[in-house]
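Let me begin by presenting the structure, written as structure tokens, before commenting on it.
The values are calculated or read from the model by the stated rules, or taken from the named source; none is laboratory data. For clarity, every value in this text was computed on a predicted model and none was experimentally measured. Cβ atoms come from the backbone with ideal geometry, glycine included; neighbour counts cover every protein chain shown.
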Amino acid sequence: MSPTILTALNLHKAYGPIQAVRGVDLHIQRGEIFGLLGPNGAGKTTLLHMLTGLIPPDQGEILFNGHLFTPEAMSLKATIGLVPQELALYPTLSAWDNLIFFGRIYGLRGRTLRHRVEAVLDLVSLRDRARDPIQTYSGGMKRRINIAAGLLHQPDILFLDEPTVGVDPQSRNAIFEAVEALNREGLTILYTTHYMEEAQRLCHRVAIMDEGRIIALDTPRRLIQEMGEGFIRVGVPADQQQAFVQHITPLMGVHDVIRQDGHLLVRLQEPLRTLPAIFQIATTHRIPITTLQILEPDLETVFLQLTGKALRE
């Protein structure tokens, strides 16, 4: 097992009466891609801000490479790379000038700075656009430069907060490839995302967070094996959804029904065995089924089972 690079012990953070983070423990291993998942309002951003030293916890400790990490620990902060969800770029400057500016803030100078700028531009596949103003870039290209800025100083750990939100497929794939390449070189990455397929592709372990707590933590494969259950996504007319739910809820094998994007997600122990009874109920009560999709157990079904919420809520 790899040594632990970042440890969080019993972290708490409140904003007035709102308990944003409640007793979170984490151990992130050196060299892994660690995913942090949760619906909006789960406390992910607050936790990320504490782990990067932007805000202090109300209670608990953070250890980085075995040393106590506080907002005042500047030497430890210098070994962290943070790529926020909001773009931190100057739109009228070129990508090159943006990276030179941020590199100087990190203390880089001269040939070392130029070499690092060239290296990160190559990593995000944007060296050919380096002299163009950021305002001429697509949303995905801007996010790739945002990532490049967080890598200039060669951090020990990189925090990526929703790096693919609103990007085009080409840039999304370029970000995936960059993350995988960085990890192969040994970089530890904490990755927050709203997209289950990203977590399954990239992350060695994931933590699912809800209402300020970590409610599950393991490899995606183990979570799916141990907790993944079958779901069917059913479409019925909106004015008949309530009646449909009332009729199918008593069926043996139906665990829960979740409303999502105008459809009903039905959690079942054995979908194929229960489907005939569901069809019979729909026929008996003259409730038309407009769409039906069987969802195989995956990380998204695990998330739905644990939180009862869609990740994009």
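Restricting attention to the stretch 237-264 and to residues that are among the aliphatic types (A, V, I, L, M) and under 20 Å from Q280 (Cβ atoms), the residue that is surrounded by the most Cβ atoms within 10 Å (Cβ to Cβ) turns out to be I248. Among the residues of the stretch 290-297, at least one is over 31 Å from the mean Cα position of the chain (by Cα) and at pLDDT 90 or above. Just one of the listed residues (A119, A149) is surrounded by fewer than 17 Cβ atoms within 10 Å (Cβ to Cβ) and under 16 Å from L99 (Cβ atoms), namely A119.
Filtering the stretch 54-74 to residues that are in contact with a strand residue (DSSP E or B) (Cβ under 7 Å, 6 or more places away or on another chain) and at positive phi leaves G60, N65.
Quick check: anything in the stretch 189-199 over 15 Å from L36 (Cβ atoms) and in contact with a Phe, Trp or Tyr (Cβ under 6 Å, 6 or more places away or on another chain)? Taking every residue of the stretch 189-199 in turn, none turns out to be over 15 Å from L36 (Cβ atoms) and in contact with a Phe, Trp or Tyr (Cβ under 6 Å, 6 or more places away or on another chain). Going by the structure shown, is L265 over 27 Å from the mean Cα position of the chain (by Cα) and not β-branched (V, I, T)? No.
For the stretch 216-240, the set of residues classified as without any contact (Cβ under 8 Å) to a residue 40 or more places away in the chain and either out of contact with any strand residue (DSSP E or B) (no Cβ under 6 Å at 6 or more places or on another chain) or on the phi > 0 side of the Ramachandran plot (or both) consists of D218, R221, R222, Q225, E226, A238, D239, listed by residue number. Just one of the listed residues (V234, V206) is surrounded by 12 or more Cβ atoms within 10 Å (Cβ to Cβ), at pLDDT 90 or above, assigned by TED's automatic domain parsing to the domain that holds P163 and not in a helix (DSSP H, G or I), and it is V206. Just one of the listed residues (A73, A88, A95) is free of Cβ contacts under 8 Å to residues at least 40 places away in the same chain and among the aliphatic types (A, V, I, L, M), namely A73.
Only a single criterion out of (1) at pLDDT 90 or above; (2) out of contact with any His (no Cβ under 9 Å at 6 or more places or on another chain); (3) not hydrophobic (A, V, I, L, M, F, W, C) is not satisfied by G212, namely (2).
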